[in-house]
């Protein structure tokens, strides 16, 4: 955790006595790491009870803050009080990326996992998601024979970490995240990456949504879309999707389903498996 804090400090140029804000639960690693960063880097840390609108009612400007997307969305009007922001815990959708790109805050999406304690790479958030993840200092990245990311971070883990994340390597320390190897949908022999399709659909759908594969006698798995909005006209939405030029014919869902509320995990992430059970 100390080595991770040092790497974050070096990447973001954090200095002693700079102001940071802890607004995430300390029951999770993200909150714990903010405490460790403050102790290791000498940051002056304010802490507030975690909520969807956690910015304190004061006149302070913070040099470094970590938030989840929901918190960021609710604080767009006051983001001028934050200089550098890291966003994790859930994907940053297109509308939020575009909103942050218009503001003065330097916002970054993070990449990490349990084995790396916290993020080992970050990417600057811009309007069109054209930037790449860049590894922190003393972290090397490569690919295995599946096209999945391999992380060599000797200051954090004694062993190389082999992930299930499909990535495209861009140079020695940059990569583009494509999706999860274990979430690939095999539809009629065509391998579809849900996260890649969801990124293309994000410009059309305002509600939360995801794509998944359902068993199919002909295709093996058929691609479907699930939207968290029962007012959606499923047929009309499907026709609109078919007009989207960025989608290949294989990436167009065979059916659209809508539900009132997505099932969630204890960390408020969408539980895809349980949500799928609502439509089976």
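One residue is enough: does segment 43-59 have a residue meeting the conditions on the phi < 0 side of the Ramachandran plot, surrounded by 19 or more Cβ atoms within 10 Å (Cβ to Cβ), assigned to a loop (DSSP other than H, G, I, E, B) and at pLDDT 95 or above?
Among the residues of segment 43-59, at least one is on the phi < 0 side of the Ramachandran plot, surrounded by 19 or more Cβ atoms within 10 Å (Cβ to Cβ), assigned to a loop (DSSP other than H, G, I, E, B) and at pLDDT 95 or above, which makes the answer yes.
So for segment 103-117 (the condition being outside any strand (DSSP E or B) and closer than 25 Å to residue 204 by Cα), does at least one residue qualify? It would help to see each step written out before you state the result.
First pass over segment 103-117, keeping only residues outside any strand (DSSP E or B): 103-105, 113-117.
From what is left, the residues that are closer than 25 Å to residue 204 by Cα are 103.
Looking through segment 103-117, at least one residue is outside any strand (DSSP E or B) and closer than 25 Å to residue 204 by Cα.
Is it the case that residue 38 is surrounded by 17 or more Cβ atoms within 10 Å (Cβ to Cβ), free of Cβ contacts under 8 Å to residues at least 60 places away in the same chain and more than 23 Å from the chain's Cα centre (by Cα)?
yes
Scanning for something assigned to a strand (DSSP E or B), touching a residue at least 40 places away in the same chain (Cβ under 8 Å) and either more than 21 Å from the chain's Cα centre (by Cα) or at positive phi (or both), does segment 63-85 turn up at least one residue?
Yes: segment 63-85 contains one or more residues that are assigned to a strand (DSSP E or B), touching a residue at least 40 places away in the same chain (Cβ under 8 Å) and either more than 21 Å from the chain's Cα centre (by Cα) or at positive phi (or both).
Output the residues belonging to segment 70-95 that are touching a helix residue (DSSP H, G or I) at 6+ places or on another chain (Cβ under 6 Å) and either outside the structural domain of residue 12 (by TED's automatic domain parsing) or modelled with pLDDT under 90 (or both).
Listed by number, the residues that qualify are 90, 92.
Looking at (1) at pLDDT 90 or above; (2) more than 14 Å from residue 197 (Cβ to Cβ); (3) surrounded by 11 or more Cβ atoms within 10 Å (Cβ to Cβ), which one does residue 218 not meet, given that it meets all the others?
Evaluating residue 218 over (1) at pLDDT 90 or above; (2) more than 14 Å from residue 197 (Cβ to Cβ); (3) surrounded by 11 or more Cβ atoms within 10 Å (Cβ to Cβ) leaves (3) as the failure.
How many residues does segment 241-280 contain that are exposed (fewer than 13 other Cβ atoms within 10 Å of the Cβ), out of contact with any helix residue (DSSP H, G or I) (no Cβ under 7 Å at 6 or more places or on another chain) and within 18 Å of residue 202 (Cβ to Cβ)?
Going through segment 241-280 one residue at a time, the tally reaches 4.
The values are calculated or read from the model by the stated rules, or taken from the named source; none is laboratory data. Values in this document were obtained by computation on a predicted structure and should not be read as measured data. Positions of Cβ are backbone-derived with ideal geometry, glycine not excepted, and every protein chain shown enters the neighbour counts.
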